[in-house]
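Working notes, structure below.
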Amino acid sequence: MKKFGFWSAGGGKRYVDGTKKLEEGDTIYAYISGKGYVGKGTVRGKAKIVDEFFKENNIVTSQLISKLFKEHIEDKNFEDFHNEDIGEYAVKVEWVLKR
């Protein structure tokens, strides 16, 4: 996510709703269990479903490090990932603190 300047969340209505509330200029912190806070950034746009976000930002799924994330994006039959209510949403982020 740091490499391509985005952050994403999904898999449940509460995560999607929270992501959709992000506004340009908001500060966001990335946290990984067992590692702590690994990034701080500034939101640079509205959240969009990952397919649309990646197309608009010229991100090719083959460039992604996470094989599972890549497979979910490419599998159009995986409805939960592409569902507008609980699917994966991405937001453009300018990362200012990187580990």
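Of Lys21/Lys67; Lys2/Lys48; Lys2/Lys46; Lys40/Lys70; Lys3/Lys55, which ones are farther than 20 Å apart at the Cα?
Too far apart for the 20 Å limit: Lys21/Lys67; Lys40/Lys70.
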Subject >> Long-range HN-HN contacts of Asn83 with modeled amide H, under 5 Å >> reply: Glu88
Original post:
Which entry in [x] 1.03; [y] 1.23; [z] 1.17 is this structure's computed Cα Rg over 2.2 N^0.38 Å?
Top reply: [x]
**OP:** Arrange the peptides 42-53, 21-32 so that the one whose residues have, on average, the most other Cβ atoms within 10 Å appears first.
**Re:** 42-53, 21-32
Original post:
Residues with amide H under 5 Å of Val93's amide H, sequence separation 5 or more or different chain, H placed in the peptide plane at 1.01 Å from N; which?
Top reply: Phe6, Trp7, Arg44
Subject >> Mean separation of Cα contacts under 8 Å, 6 or more apart, over the residue count of the chain: relative contact order % >> reply: 43 percent
**OP:** Distance between Cα centroids, the range 1-47 to the range 60-83: provide it in whole Å.
**Re:** 18 Å
Subject >> Backbone HN-Hα couplings from phi across the range 10-16 [Karplus 6.51/-1.76/1.60, Hz, Gly and Pro as x] >> reply: x, x, x, 4, 5, 6, 5
Original post:
What is the gain in length, in nm to one decimal, between Lys76 and Phe4 on full extension, counting 0.36 nm per residue of separation less the C-alpha to C-alpha distance?
Top reply: 23.7 nm
**OP:** Among Gly18, Phe6, Gly41, pick out the residue whose Cα is farthest towards the positive end of the charge dipole of the range 6-98, where Lys and Arg carry +1 and Asp and Glu carry -1 on C-beta, about the Cα centre.
**Re:** Gly41
Original post:
Which cross-chain or sequence-distant (5 or more) residues have an amide H under 5 Å from the amide H of Val38, H modelled 1.01 Å from N in plane?
Top reply: Ala30, Tyr31, Ile32
**OP:** Tell me what the chain gives for mean residue ellipticity at 222 nm when only DSSP H runs of n ≥ 4 count, each as -39,500 (n - 2.57), the sum divided by the residue total, rounded to 500 deg cm²/dmol.
**Re:** -6500 deg cm²/dmol
**OP:** Would you mind computing, in nm to one decimal, how far apart the modelled labels at Tyr15 and Glu94 are, each placed 7 Å from Cα along Cα→Cβ?
**Re:** 2.8 nm
**OP:** Determine, for each peptide in 90-96, 1-7, the mean count of other beta carbons within 10 angstrom over its residues, then list the peptides with the highest first.
**Re:** 90-96, 1-7
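Coordinate-derived values only; no laboratory data. Predicted, not measured: the structure shown is a model, and the values here were computed from it. Here Cβ is always computed from backbone atoms with ideal geometry, including for glycine, and neighbour counts include all displayed protein chains.
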